[in-house]
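Structure first, then comments.
The values are calculated or read from the model by the stated rules, or taken from the named source; none is laboratory data. Just so it is clear, the model here is predicted, and its values are computed rather than measured. With ideal geometry, Cβ positions are generated from the backbone for all residues, glycine too; neighbour counts draw on all protein chains shown. The area values use the complete protein model at the heavy-atom level, side chains included, leaving out ligands, DNA and RNA. Shrake-Rupley method; radii C 1.70, N 1.55, O 1.52, S 1.80 Å.
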Amino acid sequence: MFFNTVKDGNVEMTEEKLSLDMNEILNASIEAKYEKLNQSEFHRRIVESGLSRGTIEEISKIKKEPEWMLRLRLKSLELFEKLPTPNWLPDILGTLNVSNLELYIKPDVEQTNSWDQIPKEIREYYDVLGIPESEKKYLGGLVAVFESEPIYSNVKEELTKKGVIMMPPEEAMRRYPDVFKEYFTKIFPVSDHKFAALHGALWSGGVFVYVPKNVKITTPVEGFFIIGSEMEGQFEHTLVVADEGSYIHFIEGCSAPQLKKYSFHDGMVELYAKKNARIKFTTIQNWSKNVINFNNKRAWADENATIEWVEGSLGSRYSFVYPSTILRGQNASSTSLVVTLASGEGEWKDSGSKMIHAAPYTKSKIVNKNIGFGGGVNIYRGLVKVNKGAKGSKAFVKCDSLMLDEKTKAYTFPHNQVLEDDADVAHEAHTFRMSEDQLFYLMNRGIDEKEATSMLVLGFIDEIMKELPFEYATMLNKVIKLELDKLGAVA
Amino acid sequence: MSILKVQDLHVEVEGKEVLKGVSFEVRSGEIHALMGPNGSGKTTLSLAIMGHPKYKITKGSIILDDEDITNLETNEKVKRGLFLAFQNPVEIGGVKLSTLLVAEHNRIANPSGSVTEIIQRIREMTKTVGLSESLLNRGVFEGFSGGEKKRTEILQMMLLKPKFAILDEPDSGVDVDGLRVIAESIKKLKEENNTGYIIITHYRRILDYVNADRVHVLYKGALVASGSMELAKKIDEKGYEGVIKS
């Protein structure tokens, strides 16, 4: 049994494994990040800059929004101005002036369900990443957002026949106003913090998904977000409602070409799993190293529902992501697996999952693995809260950090608030620094320095790899090896 | 027939000279013992030969079959047939022992072997050295007993079949059964592979088992005595003092 992990030279397949092979898309996306994806010139129809009431009214008008949405945006703007900047952000972000960014960019293209309708210079981004091809082969539905607007939205017939709704949120707001209004910013109120408010004011594009009762989607659906230019803000909103007894796997992909200056991302994800429903949400964040990334992620799980977060926080310069689940129904459960990689001077990866046990017999598990080298900084801020009355609840947290050199830093700030006596909360944290002696030992077994390093790193995240679908394990493996190659080049 | 020559080796650790000109040579199939009081530089010698970054060779050379390998990368030395069994190997929690064994087997012993063959070989070796298969599934040396660590080092030696093996106290902290298994493995590899050995030890017992050819005594960074097994007998009876002063 112990050889499962090396069988045929591959990583162990788990029961979680999806019956599809996404290697091609993943490889393409990795290669693109490392060599292929270039910034290209494309025509912009509308650009809005400057954070003001006027800008927001203009965006709302372009989108032909109902009155309530405009009011929500304006209220959000007020909140953004009032709320303090979180004091734990790196200094540089405290001085970030959002008004210097292009806050809304509408590319010169109408939303379509045919790749042929998309101008060549924009389509190239997606072709290089292999997205149209992977859509054809593996996905049940895809919404592609370019800059601020969804430019492509398509759902396969097998899904629409079952009543699955998948479209950009703007469209959902018009066609399904009741359900949209019921859930939009319900679990993640714009008043939550400064950047949630900013998102509320400026949100544009994203994905809305509704899965009807007892419908289980066997092929994953994807939202793919591209930031095409520098000094840009992207604020997409993803909203998934899984009705009773349903199942969906949503994949979120992010990409940006290497930019000269920086760009800013402040997205939001809201997941609603009704009774007995299960949502799996996988993010491969592979922004280029000039992107400042905020992603506000929160889910709720009703009775017996399951939320699974999987997050690979690999790219970007600064990243702040804390997948959170509110377990509000009896027996609800949630897992969150997060791998972060801070691979260079000035890189800052802030992560940490939050689990709120608000009902009896709820279960949660957090596994957070941070890898740092070349002077990168990893920070874990997590929370497990067990409310009074959530009896019989169980929570497990594990946050580990691996540092490959002396100048790299890792900090962990875990919080447990257990207000119910009849609850079981366990916490583990380990910090590893790769030592000269470990490296020397492996080299004494004929393994060269670079391989020895990646062995240590991959060994460190083995626990998460085992729980990932095979394709993602392969991809993580590859990204990490590529990042470590840079390390070799420096050393 | 191979020859490993250590010539006038001077080694510095954190600015302090620990080895002050050590020379000896070992041929294929020979078993040399390296003895000497604690702190005399035996482990330093083994780590310096393999190229640990903290142990700086300031003078002298290491020659393997007419090739100067003094400044080669550690893994290159291993590829050329050197092996070190550590006295107290470092724990590598994240890497499974099975992963490590497969990796080193692929790189050194038999690069073209199929996965099934490798697994088969590793299983056999595990049995031969008397290790439980469950250890293969653990992190390297994670929660291993002293004896299990030594047996694991010997297991790797058997797997890699080196030309020359330096064994740093393979017998310390090992029970009687363990000692026999380790000695048998040493003899077996000598017979099958004509491996030459440098065995660092404080005890005559293992040397009797394997029938050592030469015994050297290292004291304050220099070889002060060399001889046959008689020398080991003398140390056993009279302690180092008698040998060093005489």
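This table checks each residue for (1) touching a residue at least 40 places away in the same chain (Cβ under 8 Å); (2) crowded, with 18+ Cβ neighbours inside 10 Å; (3) over 25 Å from A:Asp350 (Cα atoms).
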| site | (1), (2), (3) |
| --- | --- |
| A:Pro66 | yes, no, yes |
| A:Pro84 | yes, no, no |
| A:Ile105 | yes, yes, yes |
| A:Asn113 | yes, no, yes |
| A:Ile122 | yes, yes, yes |
Among the residues of segment A:249-269, is any open to solvent by 10 Å² or more (accessible area, probe 1.4 Å), modelled with pLDDT of 90 or more, assigned to a strand (DSSP E or B) and not hydrophobic (A, V, I, L, M, F, W, C)? no
Please list, ordered by first then second residue, the pairs with beta carbon atoms under 6 Å, 6 or more apart or interchain, first in segment B:67-85 and facing another protein chain (nearest Cβ under 7 Å), second open to solvent by 10 Å² or more (accessible area, probe 1.4 Å) and part of a loop (DSSP other than H, G, I, E, B). B:Thr74/B:Gly51; B:Asn75/A:Asp448
Segment B:98-147 - residue that is within 12 Å of B:Leu159 (Cα to Cα) and charged (D, E, K, R) and, of those, modelled with the lowest pLDDT: B:Arg107
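Scan segment B:209-216 and tell me whether some residue there is among the aromatic types (Phe, Trp, Tyr) and within 26 Å of B:Lys5 (Cβ to Cβ). Step through it out loud before you land on a result.
As a first pass, look at segment B:209-216 and keep what is among the aromatic types (Phe, Trp, Tyr): B:209.
Among the residues that remain, those that are also within 26 Å of B:Lys5 (Cβ to Cβ) are: none.
No - not one qualifying residue is present in segment B:209-216.
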Considering each residue of segment A:409-428, count those that are open to solvent by 50 Å² or more (accessible area, probe 1.4 Å) and among the aliphatic types (A, V, I, L, M), and give that number. 2
Is it the case, given these coordinates, that B:Gly15 is on the phi > 0 side of the Ramachandran plot and free of Cβ contacts under 8 Å to residues at least 24 places away in the same chain? yes
Enumerated helices (runs of 4 or more DSSP H) restricted to segment B:132-246, each holding at least 3 residues that are within 14 Å of chain A (Cβ to nearest Cβ) and buried (at least 20 other Cβ atoms within 10 Å of the Cβ): B:146-160
If a residue must be of a type outside the set (A, V, I, L, M, F, W, C), surrounded by fewer than 22 Cβ atoms within 10 Å (Cβ to Cβ), more than 7 Å from chain A (Cβ to nearest Cβ) and assigned to a helix (DSSP H, G or I), how many such residues does segment B:86-124 contain? 7
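For (1) aromatic (Phe, Trp, Tyr); (2) more than 15 Å from the chain's Cα centre (by Cα); (3) modelled with pLDDT under 95, each residue gets a yes or a no:
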site: B:Asp168; (1), (2), (3): no, no, no
site: B:Gly178; (1), (2), (3): no, yes, yes
site: B:Ile182; (1), (2), (3): no, no, no
site: B:Glu192; (1), (2), (3): no, yes, no
site: B:Thr201; (1), (2), (3): no, no, no
site: B:Leu223; (1), (2), (3): no, yes, no
site: B:Ala232; (1), (2), (3): no, yes, yes
Counting only residues that are buried (at least 21 other Cβ atoms within 10 Å of the Cβ), out of contact with any Gly (no Cβ under 7 Å at 6 or more places or on another chain) and closer than 19 Å to A:Ala429 by Cα, how many does segment A:350-366 have? 4
Do we find a residue being at pLDDT 95 or above, assigned to a helix (DSSP H, G or I) and at the interface with chain A (Cβ under 9 Å from one of its Cβ atoms) anywhere in segment B:41-48? yes
Could you figure out which of (1) farther than 23 Å from A:Met455 by Cβ; (2) crowded, with 23+ Cβ neighbours inside 10 Å isn't true of A:Thr340? (1)
I need the full set of residues from segment A:372-398 which are open to solvent by 20 Å² or more (accessible area, probe 1.4 Å) and either more than 25 Å from the chain's Cα centre (by Cα) or farther than 20 Å from A:Phe432 by Cβ (or both), in order please. A:Leu383, A:Lys385, A:Asn387, A:Lys388, A:Gly389, A:Lys391, A:Gly392, A:Lys394
Single unsatisfied condition, A:Ile105 versus (1) assigned to a helix (DSSP H, G or I); (2) in contact with an Asp or Glu (Cβ under 8 Å, 6 or more places away or on another chain): (1)
